[in-house]
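Please read the structure below before turning to the comments.
The values are calculated or read from the model by the stated rules, or taken from the named source; none is laboratory data. This is a predicted model, so every value here is computed, not measured. Because the Cβ atoms are built from the backbone with ideal geometry, glycine has one as well, and the counts that use them run over all protein chains shown.
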């Protein structure tokens, strides 16, 4: 998927191991992520990447901004999409999107919308009947963003740190 945005063309593609430093940087680029992500040791991220990449039920994507007349660009966005089978809802599949991040300098240009719409289309293509996500209670801008895309805050999510 490609789309023109300020500064060039936004292109979405599967992540590669070389993208990990940029992905970790995007995940760490806010107050919540800064407390839990660190690019100092990429070994745990590399291990996770290998597991994600080896399993067709997982997809890690990056978006890159490609300036005019250049073949490759810099990673400016990311998300992970997971496809989950379920017994409920008549045995339907669902997708879960997480880790949706866009570089701060490019927010508000529709890149997040492009990525989530692509993920919705891919989920439908794979036969999913539901897409779900969690977002921290303090991320009120993210709540508004997902509501504009049609997501409904229908459940209360809970987590247990292990």
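Residues considered: 101, 126. Of these, the only one that is surrounded by 14 or more Cβ atoms within 10 Å (Cβ to Cβ), within 15 Å of residue 81 (Cα to Cα) and in contact with a helix residue (DSSP H, G or I) (Cβ under 6 Å, 6 or more places away or on another chain) is 101. Here residue 144 meets each of (1) in contact with a strand residue (DSSP E or B) (Cβ under 7 Å, 6 or more places away or on another chain); (2) part of a helix (DSSP H, G or I) with one exception, condition (1). Given the criteria at pLDDT below 95 and within 16 Å of residue 119 (Cβ to Cβ), does residue 3 qualify? Answer is yes for this residue. Applying the set (1) more than 27 Å from residue 17 (Cα to Cα); (2) in a loop (DSSP other than H, G, I, E, B); (3) more than 17 Å from the chain's Cα centre (by Cα) to residue 90 leaves exactly one unmet item: (2).
Residue by residue, here is whether (1) over 26 Å from residue 122 (Cα atoms); (2) exposed (fewer than 12 other Cβ atoms within 10 Å of the Cβ) holds:
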residue	(1), (2)
22	no, no
29	yes, no
32	yes, no
36	yes, yes
41	yes, yes
47	no, yes
54	no, yes
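Cβ separations smaller than 8 Å between residues 6+ apart or across chains give the following pairs from the stretch 44-64 residues that are assigned to a loop (DSSP other than H, G, I, E, B) to residues that are modelled with pLDDT of 95 or more and loosely packed, with under 15 Cβ neighbours inside 10 Å: 57/84. Exactly one residue among 35, 22 is closer than 21 Å to residue 103 by Cβ and either modelled with pLDDT of 90 or more or within 15 Å of the chain's Cα centre (by Cα) (or both), and that residue is 22. Among what's in the stretch 76-87 and is free of Cβ contacts under 8 Å to residues at least 60 places away in the same chain and within 19 Å of residue 97 (Cα to Cα), pick the residue that is nearest to the chain's Cα centre (by Cα). Step by step, filter the stretch 76-87, then rank; the result is 79. The lone criterion from (1) within 23 Å of residue 5 (Cα to Cα); (2) surrounded by 17 or more Cβ atoms within 10 Å (Cβ to Cβ); (3) free of Cβ contacts under 8 Å to residues at least 60 places away in the same chain left unmet by residue 141 is number (2). The residue that is nearest to residue 63 (Cα to Cα), among those in the stretch 9-25 that are in contact with a helix residue (DSSP H, G or I) (Cβ under 8 Å, 6 or more places away or on another chain) and in a helix (DSSP H, G or I), is 23. Of the residues screened, residue 96 is not one that is surrounded by 11 or more Cβ atoms within 10 Å (Cβ to Cβ), under 17 Å from the mean Cα position of the chain (by Cα) and either part of a loop (DSSP other than H, G, I, E, B) or on the phi > 0 side of the Ramachandran plot (or both).
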